[in-house]
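Trainee: Take a look at the following structure, please.
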4 protein chains.
Amino acid sequence: MQFLSDNAASVHPAVWEAMRKADAAASPYDGDSLSVTLDEKMAALFGRDCAALWVATGTAANCLALATMVPPHGAVVCHEEAHIEMDEGGAPGFFLHGAKLLLCQGEGAKLTPDTIRAVIDPIRDDVHQVQPHAISITQASEYGRVYRPEEIAAIRALASERGLGLHMDGARFGNAAAFLDSPAGDVAGAVDALSFGFVKNGAMSAEAIVFFDEGQADIARYRRKRAGHLQSKGRFLAAQIHAMLDGDLWLGNARSANAAAAEIAGACADRLMHPVEANELFVRCTPEEREALREQGFGFYDWGEDAARFVTAWNTREDDALALAKAIASL
Amino acid sequence: MQFLSDNAASVHPAVWEAMRKADAAASPYDGDSLSVTLDEKMAALFGRDCAALWVATGTAANCLALATMVPPHGAVVCHEEAHIEMDEGGAPGFFLHGAKLLLCQGEGAKLTPDTIRAVIDPIRDDVHQVQPHAISITQASEYGRVYRPEEIAAIRALASERGLGLHMDGARFGNAAAFLDSPAGDVAGAVDALSFGFVKNGAMSAEAIVFFDEGQADIARYRRKRAGHLQSKGRFLAAQIHAMLDGDLWLGNARSANAAAAEIAGACADRLMHPVEANELFVRCTPEEREALREQGFGFYDWGEDAARFVTAWNTREDDALALAKAIASL
Amino acid sequence: MQFLSDNAASVHPAVWEAMRKADAAASPYDGDSLSVTLDEKMAALFGRDCAALWVATGTAANCLALATMVPPHGAVVCHEEAHIEMDEGGAPGFFLHGAKLLLCQGEGAKLTPDTIRAVIDPIRDDVHQVQPHAISITQASEYGRVYRPEEIAAIRALASERGLGLHMDGARFGNAAAFLDSPAGDVAGAVDALSFGFVKNGAMSAEAIVFFDEGQADIARYRRKRAGHLQSKGRFLAAQIHAMLDGDLWLGNARSANAAAAEIAGACADRLMHPVEANELFVRCTPEEREALREQGFGFYDWGEDAARFVTAWNTREDDALALAKAIASL
Amino acid sequence: MQFLSDNAASVHPAVWEAMRKADAAASPYDGDSLSVTLDEKMAALFGRDCAALWVATGTAANCLALATMVPPHGAVVCHEEAHIEMDEGGAPGFFLHGAKLLLCQGEGAKLTPDTIRAVIDPIRDDVHQVQPHAISITQASEYGRVYRPEEIAAIRALASERGLGLHMDGARFGNAAAFLDSPAGDVAGAVDALSFGFVKNGAMSAEAIVFFDEGQADIARYRRKRAGHLQSKGRFLAAQIHAMLDGDLWLGNARSANAAAAEIAGACADRLMHPVEANELFVRCTPEEREALREQGFGFYDWGEDAARFVTAWNTREDDALALAKAIASL
């Protein structure tokens, strides 16, 4: 019973089906009928004009988005535990040509205007210090916490006041939307670009970068090719995204994952390091307790010395979630 | 009847099947059982130790390979019509951090020791001029020409004499091997790294970088992640490559494509700009003749003012090849 | 008698004097009174608003200027024998983060609208090919040829039509101005940025980047620091530039160098590979003839098998020029 | 009475004299007799073989040195208040192509094996996290603190154990040596490369990068040119360094600066935030006290809300130091 991560979960049948349908020979790169209709479908979902580019990984999505907002001599403001800082092997430094990450604190890996200001206000506006050009937030956060629309609005206001772009890493955007039960446009807020994740939510190898600024999309198209991320059979990536959007599969899958997490959370409320809002649980437990759980067949990561991280996925079986809930309760 | 390119052709059924089998939850990234057995299978194929990394595109494969051989202040020697120079949107400049491409001439887009020397010999060994660190050749070349083992050996000798690495862009390596009818190890020769292409030959989204130097593979692993090319469901890429290698599907597919090209070539020997050795035909014809072919339903690219390029693929139907052959013969 | 290059010539006494005067403790970086008054003096010289930044080398000047015009995924159009292509150790690739140089031909190392179009017109406007963003021309050219104002105007018109920036490498701008005997504003034409060279013309270690677009200057200031080119005792660079501008020393020095070159040119008109317009002479002569000249104490570079390059400087003694003229005439 | 910084102080007469002597025409770049004898003189000073390259700024020195040790996908370990992190406008990101700085804590801006391990030990050796490749320490530190030889030895031991290079930012190396009163070789310890600063200590525009590994020097030579830092009249930089080394001027100048700082420190021991070991004083004082000092004609920087930074230089007059000492004592 696997709770290691949602990042290697099986592919949803509807995604497989869409990919098979896309097999018939077609235009290469992003000239096929599936790729060219993504903008429209995304615009309908978010309620405003946008341009959507597929890429294979969240790292590429995040970094290509940020590269349109931040010059090589600039900086991105992000949480000190953000994925772009901790888990992308230095990809922002590569895609942004040495631009810097300015690391902020914030409860639950969420930024606030205050924690952002604490970092950017002391920066003198002179050439000796790297100047911020964009803010990147993660929805849901690296601790499974969800930004409320008003929280995003407050960050957006600060960004606009300081002339900064705003990017959202939505690797688990679906889980955030499922939690908020709000329209996608509200879950994203007025960001300039969104990395809309599908791989952790039932797709195989397709994420979307949704640009709400056409000019940035135009730049990103060149940079996607230049980064080797323009696939000649891109129709298979577009097909995955269409399948995830059709019938709100992205939302349904995320609801399933969240429900499984909630089930488990209910059994260990007193052990939780963070409120469970999405599909990740950070649970205090001793090495002995973890050993006991592993002996029962549960797979998960240690989280430091005294905790474990459990992640549910779109296809986590209810029985498995219940079994884990029971096992933790019995520790 | 599509002869535009092999880059968007359908995916081979055996590849689909292997991907479906890989669906069951597994280790993320390249820790799954399919990814970890690639080295062994490639070593058997090439007859020497190697490490194989999957990536989604040929551009990523070429550039990650070259980035292990060439420092940012160095240069890659390649043909002036090489894919890395002409068609990758400046990706070598990105992945190699501004390293330079030194452009050589050569019949049929093939390098020779002489054309290489003509470029590198005049370079003074001082800091004012960018020094070559590697040579990149394309097998089969951008004009569908195939390097004979002795030609590669001569280039290898020159590379070694000058302390240069040797990379092979094998986007159509299968077509070269089918033409030569030689073991893969001879088709590759003693290169340091090979971009082994599958996407144009029946796969969906998987190419292999085969490193014959373990140290370079170690570097490439970090750089692959840093470039956003490490997919969390990498097992689907590994599965494609296994499927292509099993039963020499890569070779069978390439033979089919080559045979279709030969069929057409036979009908227009006097119009050919280059001998047809692989699956590409460059055919002299007037705009009117091209118009006539298009009216009969043939798809292809113009090649300058007075020629057309036709590319066959693994799934080109024999009837279509015959029809095109007849149509050209009747012009 | 040294005719190797003007790049290591002595420093003019007025420059020394200005540097000594600048010694008294002052504001660091570019906040001193000498640095902050450069804009004004340059604006008066060129007859339009501008911002001037000092740097220590022409390579830094060229590359910082171009980096403000060309994104990492773009390209600079230049002559195939331009200094930025041939002699800067790959610096454009470094400063422009892998942007490409698109190489054009042209008599005397000068570009024309036609030779530019021959390179940029075939570039498809798609992401597979690197798109031009700026043109760089050299005044005087690498062969000592001078662009007439109408020639620059024609290139400017093409640049504007295609949305390209225009940069001028003026490492020997003074020599061009001395030849044209026109106001500096006409010698530069409507370029966006000029690398105004002084080191080859009597200064020690100061070149100016003159930006006619304030926005570009603002970017360049950050990039200059980031490239380690903001000197804390920058007043000594500013002092050199002031000394070169005061009383038109830059023009007087260049006139001396040009006069010496003209003196020599007069003695070998039939041997000249290029008309002598500035301070460089490319003279056909056999290895034996070169040997003979060297035995007489003349220093110069071979230029291929059958020629020599002689460069005069601001401090070339008239006697030495006459001696060389006579020696060549006597060959 | 200026105590703002040592970075804009006047140039020592012996440096001026050496520069004047270097004026006579000579070989360009670093081929002149002054440049080529630097290695030997540095080797004598440090008691081991080395190669010395001049550059104009400490930022260039630091970044060129680090670029020889750290690949683009790697990281440099440094103090969170190190100059390379705080004051170089992101230059390490530029020169190292996006390599990361891993920030450690440590009293007085000094690293210790423990504070280094606290940062590098948690880094998993996998491709998702950026791996350290070098450590950079500052001698004297950004708070004017000096590493004792045994402290450097301990860091060197850790670096070697982990396969990391070791770089020393010696912008105020002279001040450290003056404090330790030890041979230069002991003050530097077994670092791989030293940025040996002269600009803050009486030179105009010359710092040395001293490489104790010839291979790294060879790389740095290409990178120096590529970064636009190879000056054609490099003899003027070499001349400055020779003048600073001859008769141990670098040490004498630093002793003067240190003595002035000690004088002031004696008057305000109870206000000092850090022991005064070199030529910087960080003095607790209220805004009102700072105002009072400024009214008496003292120039200095505020250091946060409740402190001031005073820096002495080689040419700080004893009277001025005494006056400041008295003024602070009288607050």
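The values are calculated or read from the model by the stated rules, or taken from the named source; none is laboratory data. On a predicted model such as this, the values are computed, not experimentally measured, just so you know. Cβ atoms come from the backbone with ideal geometry, glycine included; neighbour counts cover every protein chain shown. Please note that ligands, DNA and RNA were not included when accessible areas were found on the heavy atoms of the full protein model with its side chains. Shrake-Rupley method; radii C 1.70, N 1.55, O 1.52, S 1.80 Å.
Trainee: Using only protein heavy atoms and a 1.4 angstrom probe, determine the accessible area buried between B and D, summed over both sides, in Å² to the nearest 100. Before the final figure, lay out each step's value.
Mentor: Numbers: alone 13890 and 13880 Å², together 26100 Å².
So the total buried area for this chain pair works out to about 1700 Å².
Trainee: Let me ask you something else. Can you give me the accessible area per residue for the stretch A:13-248, using a 1.4 Å probe, in Å²?
Mentor: Numbers: 6820 Å² over 236 residues.
Accessible area per residue, the stretch A:13-248: 29 Å².
Trainee: Amide H to amide H under 5 Å from B:Cys104: which residues, 5+ apart in sequence or cross-chain, H placed 1.01 Å off N in plane?
Mentor: B:Cys78, B:His79, B:Glu80
Trainee: What is the set of long-range amide H partners of D:Thr138 at a cut-off below 5 Å, with H atoms built 1.01 Å from backbone N?
Mentor: D:Leu111, D:Asp169
Trainee: Can you tell which of A:Asn279, A:Asn315, A:Asn201 shows the greatest fluctuation in a Gaussian network model of chain A with Cα springs below 10 Å?
Mentor: Of the options given, A:Asn315 has the highest mean-square fluctuation.
Trainee: Still on this structure: Compute the label-point distances linking D:Ala44 to its equivalents in the other copies; points lie 7 Å from Cα along Cα→Cβ; give nm, one decimal, shortest first.
Mentor: Label point to label point, same position, other copies: 4.9, 6.7, 8.2 nm.
Trainee: Could you calculate, for the stretch C:265-331, the ratio of the Cα radius of gyration to the Kirkwood radius, expressed as Rg to Rh? Walk me through the numbers on the way to the answer.
Mentor: Working: Rg = 10.9 Å, Rh = 11.9 Å.
Across the stretch C:265-331, the Cα-based Rg/Rh ratio is 0.91.
Trainee: Could you check how many percent of all C-alpha pairs in the stretch A:83-238 are farther apart than 27 Å? Numbers along the way, then the final one.
Mentor: Values: 2923 of 12090 pairs.
In whole percent, the long-distance tail amounts to 24.
Trainee: Could I ask something else about it? With contacts defined as alpha carbon pairs under 8 Å and 6 or more residues apart, what's the relative contact order of the stretch B:100-200 in percent? Present the calculation step by step, with values, prior to reporting the outcome.
Mentor: Numbers: 149 pairs, mean separation 26.3, N = 101.
Averaging sequence separation for qualifying contacts and normalising by length gives 26 percent for the stretch B:100-200.
Trainee: Right, another one. Just C:Ser136, C:Ser33, C:Ser256 to compare: in a GNM of chain C, with alpha carbon springs under 10 Å, which one fluctuates most?
Mentor: C:Ser33
Trainee: Can you give the net charge of the other residues whose Cβ lies under 9 Å from the Cβ of D:Arg235, counting K and R as +1 and D and E as -1? Don't skip to the end; give the middle numbers.
Mentor: On the way: positive: D:Lys233; negative: D:Asp23, D:Asp30, D:Asp32.
Result for the local shell: -2.
Trainee: For chain A, what is the number of Lys pairs with C-alpha distance below 26 angstrom, counting only pairs 8 or more positions apart or on separate chains?
Mentor: So the count works out to 14.
Trainee: Which loop trypsin sites (Lys or Arg not before Pro) in the stretch A:58-146, with loop taken from DSSP, have no more than 10 other Cβ atoms within 10 angstrom of their Cβ? Don't jump to the answer; show the numbers that get you there.
Mentor: Details: sites: A:Lys100, A:Lys110, A:Arg117, A:Arg124, A:Arg145; in loops: A:Lys110, A:Arg124, A:Arg145.
Those that pass, being in a loop and sparsely packed, are A:Arg124.
Trainee: Would you calculate, for the protein assembly as shown, the mean residue ellipticity at 222 nm contributed by helices, counting each DSSP H stretch of 4 or more residues as -39,500 (n - 2.57) and dividing by all residues, to the nearest 500?
Mentor: Values: 60 runs with 555 residues, N = 1324.
Helices in the protein assembly as shown give a 222 nm mean residue ellipticity of -12000 deg cm²/dmol.
Trainee: If you don't mind, another one. Which of the three applies to the stretch A:19-68, rounded, prolate or oblate, going by the alpha-carbon gyration tensor with a ≥ b ≥ c and a/c under 1.5 meaning rounded?
Mentor: Values: a/c = 2.27, a/b = 1.31, b/c = 1.74.
Oblate.
Trainee: What is the ratio of the Cα radius of gyration of the stretch D:220-266 to 2.2 N^0.38 Å, where N is its residue count, to two decimals?
Mentor: Values: Rg = 16.3 Å, N = 47, 2.2 N^0.38 = 9.5 Å.
Against the empirical 2.2 N^0.38 Å value, I get 1.72 for the stretch D:220-266.
Trainee: So what's the stretch A:175-331 giving for Rg/Rh, alpha carbon basis, Kirkwood Rh from the mean inverse pair distance?
Mentor: Numbers: Rg = 18.7 Å, Rh = 17.6 Å.
Reported Rg/Rh (Cα atoms, Kirkwood Rh): 1.06.
Trainee: If you don't mind, another one. By Cβ position, which chain A residue lies least far from the axis that rotates chain A onto chain B, and what is the distance to the nearest whole angstrom?
Mentor: A:Ala56, 3
Trainee: May I ask you to find the residues of the stretch A:84-104 that are shielded by at least 30 Å² of accessible area once the whole protein assembly is considered instead of their isolated chain (probe 1.4 Å)?
Mentor: Relative to the lone chain, where solvent access is computed with a 1.4 Å probe, the stretch A:84-104 loses at least 30 Å² at A:Glu85, A:Met86, A:Asp87, A:Gly89, A:Gly90, A:Phe94, A:His97, A:Gly98, A:Lys100.
Trainee: Now for a separate question. Rounded to a whole number of µm²/s, how large is the Stokes-Einstein D of the stretch D:1-141 at 25 °C and 0.890 mPa s, given Rh as the Kirkwood radius over C-alpha pairs? Can you show the working numbers first?
Mentor: Working: Rh = 17.9 Å.
Diffusion coefficient, whole number: 137 µm²/s.
Trainee: Right, something else. Quick check: at a probe of 1.4 Å, how many percent of the accessible area of chain D sits on carbon and sulfur atoms? Intermediate results must be reported in sequence, preceding the final value.
Mentor: Working: 5440 of 10880 Å².
Here it works out to 50 percent.
Trainee: For the stretch C:254-329, what is the accessible area per residue in Å², given a 1.4 Å probe and the full set of protein chains?
Mentor: Details: 3440 Å² over 76 residues.
Result: 45 Å² per residue.
Trainee: While we're looking at this one, here's another question. Using a 10 angstrom cutoff on alpha carbons, build the Gaussian network for chain C and name the most mobile of C:Gln216, C:Gln240, C:Gln139.
Mentor: Answer for the Gaussian network model of chain C: C:Gln216.
Trainee: Shortest first and in nm with one decimal, please list how far the A:Ile123 label point sits from its counterparts in the other copies (point 7 Å along Cα→Cβ).
Mentor: 2.3, 3.1, 3.8
Trainee: Radius of gyration and Dmax for the stretch D:50-108's Cα atoms, expressed in Å?
Mentor: 11.6, 32
Trainee: Output the antiparallel fraction of DSSP beta bridges having both residues in the protein assembly as shown, as a percent to the nearest 5. Mind showing how you got there, number by number?
Mentor: Numbers: 68 of 144 bridges.
Here the antiparallel bridges make up roughly 45 percent for the protein assembly as shown.
Trainee: In nm², what is the average projected area of the convex hull enclosing the Cα atoms of the protein assembly as shown? Provide the component values of the computation, followed by the final result.
Mentor: Numbers: hull surface 203.7 nm².
Averaging across all directions leaves 50.9 nm² for the Cα convex hull.
Trainee: Please compute one quarter of the surface area of the Cα convex hull for the stretch B:82-158 and express it in square nanometres.
Mentor: Averaged projected hull area, Cα only: 5.5 nm².
Trainee: Work out which residues of the stretch D:233-269 lose at minimum 50 square angstrom of accessible surface when the other protein chains are put back, relative to the chain isolated, with a 1.4 angstrom probe, and list them by number.
Mentor: Listed in order, they are D:Lys233.
Trainee: Something else about it: Normalising by the residue count of chain C, find the relative contact order in percent from Cα pairs under 8 Å and 6+ residues apart.
Mentor: Details: 681 pairs, mean separation 79.6, N = 331.
Computed over chain C, the figure is 24 percent.
Trainee: Taking H placed 1.01 Å from N in the peptide plane, check which residues at least 5 places from B:Tyr301 or on another chain put their amide H under 5 Å from its amide H.
Mentor: Distant-sequence amide H within range of B:Tyr301: B:Arg309.
Trainee: Starting from a label point 7 Å past Cα on the Cβ side, list the distances from A:Gly185 to the same position in the other copies, nm, shortest first.
Mentor: The answer, with the shortest distance listed first, is 5.2, 6.4, 7.4 nm.
Trainee: Restricting everything to alpha-carbon atoms, can you work out Rg to Rh for the stretch D:181-270 with a Kirkwood hydrodynamic radius? If you can, show how the numbers build up before the last one.
Mentor: Details: Rg = 16.2 Å, Rh = 15.2 Å.
In the stretch D:181-270, Rg relative to Rh is 1.06.
Trainee: While we're on this one: Could you work out the percent of alpha carbon pairs in chain A separated by over 39 Å, rounded to a whole number? It would help to have the intermediate numbers written out before the result.
Mentor: Numbers: 7132 of 54615 pairs.
Percent of Cα pairs beyond 39 Å in chain A: 13.
Trainee: Sticking with this one: Are there residues in the stretch C:41-71 whose accessible area shrinks by at least 40 Å² when all protein chains are included rather than the chain by itself, and which are they (probe 1.4 Å, ligands and nucleic acids not counted)?
Mentor: In the stretch C:41-71, residues shielded by partner chains: C:Thr57.
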